[in-house]
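Engineer: What follows is a structure written as structure tokens; I'll ask about it next.
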Amino acid sequence: MSKITEQPSRYDHLEQMSVGEILKAINREDWLVAEAVERVIPQIEMLVNALEPRIKQGGRLFYIGAGTSGRLGVLDASELPPTFGVSPDWVVGVIAGGDEALRHAVEHAEDDAELGWRDLEVYQPSSEDSVIGIAASGTTPYVVGAIEKARKHGLLTGCITSNPQTPLAEIAEYPIETIVGPEFVTGSSRMKSGTAQKMVLNMISTSLMIRMGRVEGNRMVKMQLTNNKLVDRGIRMIQDLLGLSFEEARYRLLKAGSVDKVLREAAQSV
């Protein structure tokens, strides 16, 4: 099978381009990513609709991938606790080669078709859980093997890939195929494919967090106050919503620990 992600770039003699030419060409290619993601919104919607009741019933969501794909899954999962105030157990990122692979390539980790499920087994997955395999090629043994075993064990399965009709999409119940075309640098799926993966992961996790009640209006009212920027953001939210002075809003926020708690306490006192 000829993989689109491995097809030659539409551009050649890249080393002869000026910096401006390189940047403009990359940007032209990146414009295609949003269009590719837009085409699969119905598939993303089906996956989110399937995930929502499971998570509401206490199930967890796992992302699993290798290389860039694995790093993007870990990134998305790790950003949810501070942003939405959820437990880090809700969404978990698993990468071939473990945490070391976040910074350094771990040789052949992605080639082991049994290793992905073994890595998931550390978390004692159950049929209430869900797993999304992320692989631009759609053929990564680590990911395909994990999704195959996960489905056999009753987990809900989805995937994100940049090639059509791949083994990964064939085995996953909810495949998402973002066909972004050849990469600017031939085969470098960290580029358009990675951007598409990041966009889809953002869409999945953000829509889930909204549906789980972690957003009020358009505000992250349950965010963790882990730095001064977030404290200041929380203060402004409280000022806007309750009409308080800066000092009073700050006092209430630091005492309660979250914007959400301040709002609930204010509602109870009415």
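The values are calculated or read from the model by the stated rules, or taken from the named source; none is laboratory data. Please read these numbers as outputs of a predicted model, since none were measured by experiment. Counting neighbours? That spans all protein chains shown, and the Cβs are built from the backbone with ideal geometry, glycine included. The protein model used for the area step is the full one, side chains on, heavy atoms only, and it has no ligands, DNA or RNA in it. Shrake-Rupley method; radii C 1.70, N 1.55, O 1.52, S 1.80 Å.
Engineer: Taking the DSSP beta bridges in the chain as the whole, what percent of them are antiparallel, to the nearest 5?
Structural biologist: Approximately 5 percent, going by the DSSP bridge assignments.
Engineer: For SER18 and GLU100, calculate 0.36 nm times their separation in residues minus their Cα-Cα distance, and state this gained length in nm to one decimal.
Structural biologist: Length difference between fully extended and current span is 26.0 nm.
Engineer: Determine how large the accessible area of ILE171 is when every protein chain is in place; take a 1.4 Å probe and give Å² rounded to the nearest 10.
Structural biologist: For ILE171, the solvent-accessible surface is approximately 40 Å².
Engineer: Dipole size in debye (nearest 20) for the chain around its Cα centre, Lys and Arg Cβ +1, Asp and Glu Cβ -1?
Structural biologist: 1040 debye
Engineer: Over the range 145-270, calculate the relative contact order: mean separation of alpha carbon pairs under 8 Å at least 6 apart, over the residue count, as a percent.
Structural biologist: Answer for the range 145-270 is 13 percent.
Engineer: Let me ask something else about it. At most 15 other C-beta atoms within 10 Å and a DSSP loop state: those are the exposed trypsin sites (Lys or Arg not before Pro) I care about. Give me the longest piece of the chain that has none.
Structural biologist: 104-270
Engineer: Here's a follow-up. Amide H neighbours of PHE62 under 5 Å, counting only residues 5+ apart in sequence or on other chains, H built in-plane at 1.01 Å?
Structural biologist: Long-range HN contacts for PHE62: VAL92, SER130, VAL131, ILE132.
Engineer: How long are the semi-axes of the equivalent ellipsoid of the range 45-117, defined as square roots of 5 times the Cα gyration tensor eigenvalues? Whole Å, largest first.
Structural biologist: Semi-axes (√(5λ), whole Å): 25, 15, 10.
Engineer: To the nearest 500 deg cm²/dmol, what mean residue ellipticity at 222 nm is calculated for the chain from DSSP H runs of n ≥ 4 alone, each contributing -39,500 (n - 2.57), summed and divided by the residues?
Structural biologist: Rounded to the nearest 500, the figure is -16000 deg cm²/dmol.
Engineer: Same structure again: Hey, can you grab everything whose amide H is under 5 Å from the amide H of SER9? Only 5+ residues off in sequence or another chain; H modelled, so Pro and N-termini drop out.
Structural biologist: Distant-sequence amide H within range of SER9: THR186.
Engineer: I've got another one for you. For the chain, calculate the relative contact order in percent as a whole number, restricting contacts to Cα pairs under 8 Å that are 6 or more residues apart.
Structural biologist: 22 percent
Engineer: Now, a different point. Over the heavy atoms of SER245, what accessible area does a 1.4 Å probe trace out, to the nearest 10 Å²?
Structural biologist: About 60 Å², rounded to the nearest 10.
Engineer: Which residues' amide hydrogens lie under 5 Å from the amide hydrogen of GLU216, considering only partners 5 or more residues apart or on another chain, with H built in the peptide plane?
Structural biologist: Excluding prolines and chain starts, which carry no amide H, the hits are VAL221.
Engineer: Can you give the convex hull volume per residue for the Cα atoms of the range 17-60, as a whole number of Å³?
Structural biologist: Residue-normalised Cα hull volume stands at 85 Å³.
Engineer: Quick one: divide the alpha-carbon radius of gyration of the chain by 2.2 N^0.38 Å and tell me what you get.
Structural biologist: It is 1.13.
Engineer: Take the chain, connect every pair of alpha-carbon atoms lying under 10 Å apart with a spring to form a Gaussian network, then pick out the residue of HIS104, HIS13, HIS153 with the largest mean-square fluctuation.
Structural biologist: Most flexible of the set in this elastic network: HIS13.
Engineer: Can I ask one more? Which one, THR83, THR195, THR226, has the greatest fluctuation when you compute a Gaussian network model over the chain with C-alpha springs under 10 angstrom?
Structural biologist: THR226
Engineer: Which chymotrypsin sites (Phe, Trp or Tyr not before Pro) in the range 1-96 pass both tests, a DSSP loop state and at most 12 other beta-carbon atoms within 10 Å?
Structural biologist: Passing sites in the range 1-96 do not exist.
Engineer: Next up: Among GLY67, GLY133, GLY217, which one shows the biggest mean-square fluctuation in a GNM of the chain, springs joining Cα atoms closer than 10 Å?
Structural biologist: Maximum among the listed residues: GLY217.
Engineer: Then there's this: Would you work out which of ASN202, ILE171, HIS153 lies farthest towards the positive end of the dipole of the range 153-257? Charges go on Cβ: Lys and Arg +1, Asp and Glu -1.
Structural biologist: ASN202
Engineer: Between their Cα atoms, which of LYS222/LYS255; LYS198/LYS229; LYS198/LYS261 are more than 22 Å away from each other?
Structural biologist: LYS198/LYS229; LYS198/LYS261
Engineer: Still on this structure, I have one more. Given Cβ point charges of +1 (Lys, Arg) and -1 (Asp, Glu) and nothing else, what value in debye, to the nearest 20, does the dipole of the range 1-63 about its Cα centre take?
Structural biologist: 400 debye
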